[in-house]
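No lab work stands behind these numbers, since they all come straight from the coordinates. Just so it is clear, the model here is predicted, and its values are computed rather than measured. Neighbour counts are summed over all protein chains in view; Cβ atoms, including those assigned to glycine, are modelled from backbone coordinates with ideal geometry.
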Amino acid sequence: MPGIAINATRLNRTLDELGKFGETPDGMNRLAFSPADIASREYTIGLMRQAGLETRIDTAGNIIGRRAGADDSLPPIALGSHTDTVPLGGKYDGALGVMGAIEVIKTLDEQGHQTRHPIEAMVFTNEEGTRFHRWLIGSRAMAGLLEPEDLTAIDAEGVTLAQRMTDIGGDLSRADEAARQPGDLAAYFELHIEQGPYLYRSGTPIGVVTGITGRAVFELEISGMSNHAGTTPMNERRDALAAAAKLVVQIQKMAAEDEICRVATTGALDIQPNAVNVIPGRATVGVEFRDLDMAALDTAERELTRLARQAEQQDGVQIAINRHRFTDSVPIAPTMQEWVAEAAQRAGFDSERVPSGAGHDAQAIAAIAPMAMLFVPSVGGISHAIEEYSTPEACANGTQTLLELLLLADQRL
Ligand code: HGY
Ligand code: MN
Ligand code: MN
């Protein structure tokens, strides 16, 4: 079959248009369930319908666009990602996988090419989880992996996930109806930006993802004693921020020097009362560790606990360690990797194997379906920031490869 080519101009136009929802001078603020997210979902549903997809929203708020297959009794091949962003994030994380999936289907529709399998384009709810520390909500719901803590989650504004879910057309009390069983999907493919530096440095246009990192998220609640900054002797202080600051450096050292796990990050810090002339009585510290090896994350948890107990002794504070979420690392099957490499070759691109340091919806869907991921380079390896950028050519390369992967898998599954 002569190669079917996606429309690169149209793809990049939809990426630019999606990038208007939640755009600020300092980065993308399209947090899950926000007005910008809700508006962007309408835009995306419109694009799906223009591509000939039958759209619906499942009880977990996932947007699903379906295209019939020649043999509609076959389980669908799913393509997708997420469109929610982190605060002050970028325009490509998640967005490329959704706009790319729709472009692939629009191209097939225009060419009158019907695949054997039905196809489903998916937009998963709240992949980032910034608002509730409960990430991969939509994809975990579809994989049947929601936990009790998800169902009772409340955000910093005191709004429940259940309410937020209603805002986007979902119904958390019936989230179990969103669950698919093994066999319900023939496969799931996710196009994504690498979000790291490897492809950009090597100049390779397509990354064949070998595995998706595990992740452990904790929140430390450090309680000291607020007191007067001017009158309290240094040796009588119970300074929660001083204790937090020492822990932040020790946490960084765990990965940077001791190599306990691949990366360790303290990304969130809240100080009370946060006044320059008051010794901070409370500090809340958000910490996360990542590694493909889950045993490394267990070691990191033990070390974090040891450091916290040591701080209690040295700084006269109490530290509650809230264990938010452990997400398992997921290897990608060699056969699936070979299919991605072959699809890249058919599309005319070199590829190389690369692990994912970022988490993705694919690692949840892996519980119910064969899955594969393909990356395109992130300029400078930057992501989760306004500088996040992948060139229009890279985005088109990835989308063309996704099309070839779909056609190849459609024949072989
Ligand atoms: O945080 C992550 O790894 C992903 O971007 N949600
Ligand atoms: Mn992200
Ligand atoms: Mn992402």
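Quick notes
- FRET efficiency, 1/(1 + (r/R0)^6) with R0 56 Å, evaluated for Met294 and Asn7 via beta carbons: 0.85
- Neighbour-count order for Asp93, Asp315, Asp171, fewest beta carbons within 10 angstrom listed first: Asp171, Asp315, Asp93
- The long axis of helix 392-412 is offset from the longest Cα principal axis of the chain by roughly 60 degrees.
- Kirkwood hydrodynamic radius of region 5-73, from inverse mean 1/r over distinct Cα pairs, in Å: 13.7
- For region 321-360 and region 28-63, distance of Cα centres in Å: 25
- Counting neighbouring Cβ atoms within 10 Å and putting the fewest first, the residues Phe189, Phe326 line up as Phe326, Phe189.
- Within the chain, helix-based [θ] at 222 nm, where runs of 4 or more DSSP H residues each add -39,500 (n - 2.57), nearest 500: -10500 deg cm²/dmol
- Extension gain from Glu54 to Glu23, taking 0.36 nm per residue of separation minus the Cα-Cα distance: 8.3 nm
- Zone residues, region 178-218, relative to Thr305, backbone N less than 16 Å from point 7 Å out along Cα-to-Cβ: 216-218
- Full-stretch length increase - Ala245, Asn277 - with 0.36 nm per residue and alpha-carbon distance subtracted: 9.8 nm
- Between the Cα long axis of helix 240-256 and the first principal axis of the chain there is an angle of about 50°, rounded to the nearest 10.
- Gyration tensor (Cα) of region 214-327, equivalent ellipsoid semi-axes in angstrom: 28, 13, 11
- The C-alpha atoms of the chain define a longest principal axis, and helix 8-18 lies at about 40 degrees to it.
- Residues in region 145-151 carry Karplus couplings, in order, of 10, 5, 10, x, 5, 5, 6 Hz; the curve used is 6.51 cos²θ - 1.76 cosθ + 1.60 with θ = phi - 60°, and Gly or Pro positions show x.
- Among Met122, Ile368, Ala268 - extreme Cα towards positive end, dipole of the chain, charges at beta-carbon: Ala268
- Shown for Val159, Val217: other C-beta atoms within 10 Å of each C-beta, ranked fewest to most, produce the order Val159, Val217.
- Karplus-derived HN-Hα couplings along region 123-131 (A = 6.51, B = -1.76, C = 1.60, θ = phi - 60°), whole Hz, x at Gly and Pro: 10, 8, 6, 6, 5, 6, x, 4, 6
- Listed residue (Gly183, Leu151, Leu79) projecting farthest to the positive dipole end of the chain, Cβ model: Leu151
- Dividing the convex hull volume of the alpha-carbon atoms in the chain by its residue count gives 135 Å³ per residue.
- Relative packing of 49-61, 202-214, which averages over residues the other C-beta atoms within 10 Å, highest first: 202-214, 49-61
- Among Met48, Met254, Met122, the residue with the largest mean-square fluctuation in a Gaussian network model of the chain, with springs joining Cα atoms closer than 10 Å, is Met254.
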